[in-house]
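S.K.: If you scroll down you'll find the structure; I have some questions about it.
Throughout, read-outs are computed from the coordinates displayed, never taken from laboratory work. Fair warning: this is a prediction, and the values are worked out from it, not measured in the lab. Positions of Cβ are generated from backbone atoms using ideal geometry, with glycine treated the same way; all protein chains shown enter the neighbour counts.
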Amino acid sequence: MKLAVFDIGGSAVKYGLWENREISHTDKFTTPASFDEMKAEMKKVVAGFGEGIEGVAISAPGAVNVPARRIDGISAVEYIHGRPIYDQLEEHLGLPVTIENDANCAGIAEVQMGAGKDAENAVFVVIGTGVGGAIFIDRKLYKASHLFGGEFGLMKPRGDRTLSQVGTGVKAALQYEQITKKEIDGKALFELQEAGDKTADLVLKEMYDNIAAVLYNIQVSIDPDVVIIGGGISARAELPEELGSRLYKTLAEERVEEIMPVIRNCEFQNDANLLGAALNFELLHKELQDKTLRD
C-alpha cells in the first residue's frame, strides 16, 4: 500500500511516503495559518509523491471522533477542530483519508511494530512537556466513551497536581530552578544528577515517584502486560528500571506483585506518529475489506 502520511503539529507538519511498510521521503512544512493553506500544502505533497497514492493517513492533535468524521477538543491548530474535516480533505485531495490522535498513532506504531508487538494488552505513556498516552485491549486501540482513553496526564499521583504538572523532565527542571535559582533544562538536569548534584537527584527521584504512582493506578485498573514509555524521557536507558523498581515495591505492599507488567522504553521516536498513522490506515482498510466480505 502506498500512502501519503502527515503528522500535524503546532509549529510544523511532518510528512512522508509509506510504501512496503516503511516511511521514506520524510520532510516538513511550517504549520499553515488557515485550513485552506493546509489543504493546498497537503495537495502539493501528495502530487510530489507521484502516481499510485492510495490514500492519506494523518496523525493530529485533539480528540479524533472517527464515527462523526471530525476532530473534537482543542489544540494549537484551532482550524482543524469542529469541522467535517474528513469530507473536506477527501474532496480536495481526491483520496480516502484516515485521521487519529497523535499519541494514539505513536502507540499504534509501538504495538504493531515496536516495544509492544508481543503484548496482548498494553498501555503507552508518552512523557514530554506534558503527559498523554493510549490504551490497547486485545491489541486494539481503546478510546473509551468520551474519546478520553489514555489521558494519563490528568491523573493526580498525590495531592491536587496532575502528572503533567509533576511527572516530566521539563517540570523537574523548573523545580530545580526554583530551589537553586539556576536556569536549566531537562537534559542538563540528568547530567547534573549523574555528576552527583544532590538537588538534581532529589527532584528527579520525586519525578520518578510520581510517574510510578500513576503506573500503579493504571496497573490495578487496566492490568496491561506491557507498559511502554515514550517521549523524550524514553531516551534514558535506566528509565524502565527506575519506574519498575518503584512500581513493584508498591504492588508488593498490597500483595499483588504477580500483576507486575513489563516496562519498556519505546522503539520509535521522531517517526512514530507517521508510522502509526500509516498503520492505522491499513488497519481500518483491512477492517472495511473484512466487513465487505462478510456482508
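S.K.: Okay, which of segment 209-243 sit inside 19 Å, backbone N to the point 7 Å along the Cα-Cβ direction of Asp185?
M.R.: Hits in segment 209-243 for Asp185 at 19 Å: 231-237.
S.K.: Run through segment 1-60 and list the chymotrypsin sites (Phe, Trp or Tyr not before Pro) located in a DSSP loop whose Cβ has at most 11 other Cβ atoms within 10 Å.
M.R.: Taking segment 1-60 and a limit of 11 other Cβ atoms within 10 Å, no loop chymotrypsin sites (Phe, Trp or Tyr not before Pro) are found.
S.K.: Same structure, new question: Could you list Cys105, Cys266 so that the one with the fewest beta carbons within 10 Å of its beta carbon is first and the one with the most is last?
M.R.: Working: Cys105 29, Cys266 22.
With the fewest neighbours first, Cys105, Cys266 line up as Cys266, Cys105.
S.K.: Would you kindly state how much longer the chain becomes between Glu267 and Asn217 on full extension, computed as 0.36 nm times their sequence separation minus their alpha carbon distance, in nm to one decimal?
M.R.: Extra length available between Glu267 and Asn217 comes to 15.6 nm.
S.K.: Based on the Cβ-Cβ distance of Asp87 and Ala235, what FRET efficiency does E = 1/(1 + (r/R0)^6) give at R0 = 30 Å, to the nearest 0.05? Walk me through the numbers on the way to the answer.
M.R.: On the way: r = 40 Å, r/R0 = 1.32.
It comes to 0.15.
S.K.: Mind listing which GluC sites (Glu not before Pro) in segment 219-295 are in a DSSP loop and have 14 or fewer other Cβ atoms within 10 Å?
M.R.: Glu238, Glu254
S.K.: GluC sites (Glu not before Pro) within segment 1-53: which are DSSP loop residues with at most 16 other Cβ atoms inside 10 Å?
M.R.: Here the GluC sites (Glu not before Pro) that fit, given the DSSP loop and packing criteria, are Glu51.
S.K.: Out of Leu274, Leu247, Leu192, any idea which swings most in a Gaussian network model of the chain, alpha carbons joined below 10 Å?
M.R.: Taking springs between Cα atoms under 10 Å, the residue moving most is Leu192.
S.K.: Separate question: Using the Karplus equation 6.51 cos²θ - 1.76 cosθ + 1.60 (θ = phi - 60°), what ³J(HN,Hα) coupling, rounded to whole Hz, does each residue of segment 165-174 give in order, writing x for Gly and Pro?
M.R.: 8, 10, x, 10, x, 4, 6, 5, 5, 5
S.K.: How high is the FRET efficiency between Lys44 and Ile74 when r is their beta carbon distance and R₀ equals 22 Å, given to the nearest 0.05?
M.R.: Efficiency at R0 = 22 Å is approximately 0.20.
S.K.: Once you keep just the Cα pairs under 8 angstrom separated by 6 or more residues, what percentage relative contact order results for the chain?
M.R.: It comes to 19 percent, rounded to a whole number.
S.K.: Also: What's the center-to-center distance, using Cα atoms, between segment 217-295 and segment 156-175 in Å?
M.R.: For segment 217-295 versus segment 156-175, the Cα centre distance is 21 Å.
S.K.: Per residue of segment 73-83, in order, report the coupling 6.51 cos²θ - 1.76 cosθ + 1.60 (Karplus, θ = phi - 60°) as ³J(HN,Hα) in whole Hz, putting x for Gly and Pro.
M.R.: The phi angles translate into x, 9, 7, 5, 9, 4, 6, 7, 9, x, 10 Hz.
S.K.: Efficiency by 1/(1 + (r/R0)^6): what FRET value for Ser34 and Ile137, r their Cβ-Cβ distance, R0 = 45 Å, to the nearest 0.05? Walk me through the numbers before you get to the answer.
M.R.: Values: r = 38 Å, r/R0 = 0.85.
About 0.70, to the nearest 0.05.
S.K.: Round to a whole angstrom and tell me the spacing of the C-alpha centers of segment 10-27 and segment 70-103.
M.R.: The two parts, judged by their Cα centres, are 17 Å apart.
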